[in-house]
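Accompanying notes for the structure given below.
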């Protein structure tokens, strides 16, 4: 269902949404709020806070620095790919909190005539403490941008 919703939105004519600050929702692991602030036309900060409904019932927070690239996929529509790195802190119910390094890769779609982006991403996690292990976050979301204008 999430994939079909994403494909529906990227089939709409697309424009750039490469400035300003956006806030929205992300669904997946974790589910919560997403914040993105553009530094320039290709780089941005991306943050999120959400609840994980998995067995550990945790509150998760992340902050990434991401880079965007156009034209990596040969498509008739604009579908920028982004990647980056950052960190994740997770507060777990009845266990130790955890911290880890996070890598992220995703794709964006921009809505025509609206200051909105739709995204899908995966983020491998290298947990550093309280013990070393690997994990994965993934989600799909939408953000509305303030202080932006069309190019």
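When the range 20-37 is filtered for residues that are assigned to a strand (DSSP E or B), in contact (Cβ under 8 Å) with a residue 60 or more places away in the chain and farther than 20 Å from residue 136 by Cα, the ones remaining, listed by number, are 21, 22, 23, 24, 36. Exactly one residue among 128, 105 is in a strand (DSSP E or B), surrounded by fewer than 15 Cβ atoms within 10 Å (Cβ to Cβ) and more than 18 Å from the chain's Cα centre (by Cα), and that residue is 128.
Just so you know, all these numbers are worked out from the coordinates, no wet-lab data involved. All figures in this text were calculated on a predicted structure; none of them were measured in a lab. Note that we place each Cβ from the backbone using ideal geometry, even for glycine, and neighbour counts take in every protein chain shown.
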